[in-house]
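Colleague: Let me give you the structure first, and then I'll get to my questions.
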Amino acid sequence: MELQMKMPDLATNEGEEILITQWMVEVGQPVERGQVLLEVETDKAVMEVECIADGTLKSIHVESGESVPVGHVIATIEVS
């Protein structure tokens, strides 16, 4: 089963986009719930975003250096 992971609400100002600064995992690698997947920068701080399920990172929809709004799909995880 595939799970679409969306950009979580990181207490940004309404309408602000969140910048993805670095992915910590590559496509095809196994991931675990709670594992840090990526680092992001908001208008307030640099934060880590954790994986929401166990499985394999199937695809990345937003590359490092790109900004997205809260709720935007950022990755697909093949759930094990």
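Colleague: What residues qualify as long-range amide H neighbours of Leu37, i.e. H under 5 Å apart, gap of 5 or more or another chain, H built at 1.01 Å from N?
Modeller: Excluding prolines and chain starts, which carry no amide H, the hits are Val49, Glu50, Cys51.
Colleague: Moving on to the next point. Could you list which residues have their amide H under 5 Å from that of Ile74, counting only those 5 or more apart in sequence or on another chain, with H placed in the peptide plane?
Modeller: Met5, Lys6, Met7
Colleague: Hey, what do the phi angles of region 50-63 turn into as Karplus ³J(HN,Hα) couplings, whole Hz, using 6.51/-1.76/1.60 and θ = phi - 60°, x for Gly and Pro?
Modeller: Using θ = phi - 60°, the values come out as 8, 5, 9, 7, 7, x, 10, 6, 7, 7, 10, 9, 9, 7 Hz.
Colleague: Let me ask something else. Which one is right for this structure if Kirkwood radius over Cα pairs in Å is calculated from it: (1) 13.3; (2) 14.6; (3) 12.5?
Modeller: Of the listed options (1) 13.3; (2) 14.6; (3) 12.5, (3) comes from this structure.
Colleague: Here's a follow-up. With θ taken as phi - 60° and the coefficients 6.51, -1.76 and 1.60, list the Karplus ³J(HN,Hα) couplings across region 44-49 in order, rounded to whole Hz; mark glycine and proline as x.
Modeller: Coupling constants for region 44-49: 10, 6, 9, 9, 9, 10 Hz.
Colleague: Something else: How much net charge surrounds Ala53 when only the other residues with a Cβ under 13 Å from the Cβ of Ala53 are counted, with Lys and Arg +1 and Asp and Glu -1?
Modeller: -2
Values quoted throughout were computed directly from the atomic coordinates according to the rules given, and no laboratory measurement underlies them. Just so you know, these numbers come straight off a predicted model, no measurement behind them. Every residue, glycine among them, receives a Cβ derived from its backbone with ideal geometry; neighbour counts consider all protein chains shown.
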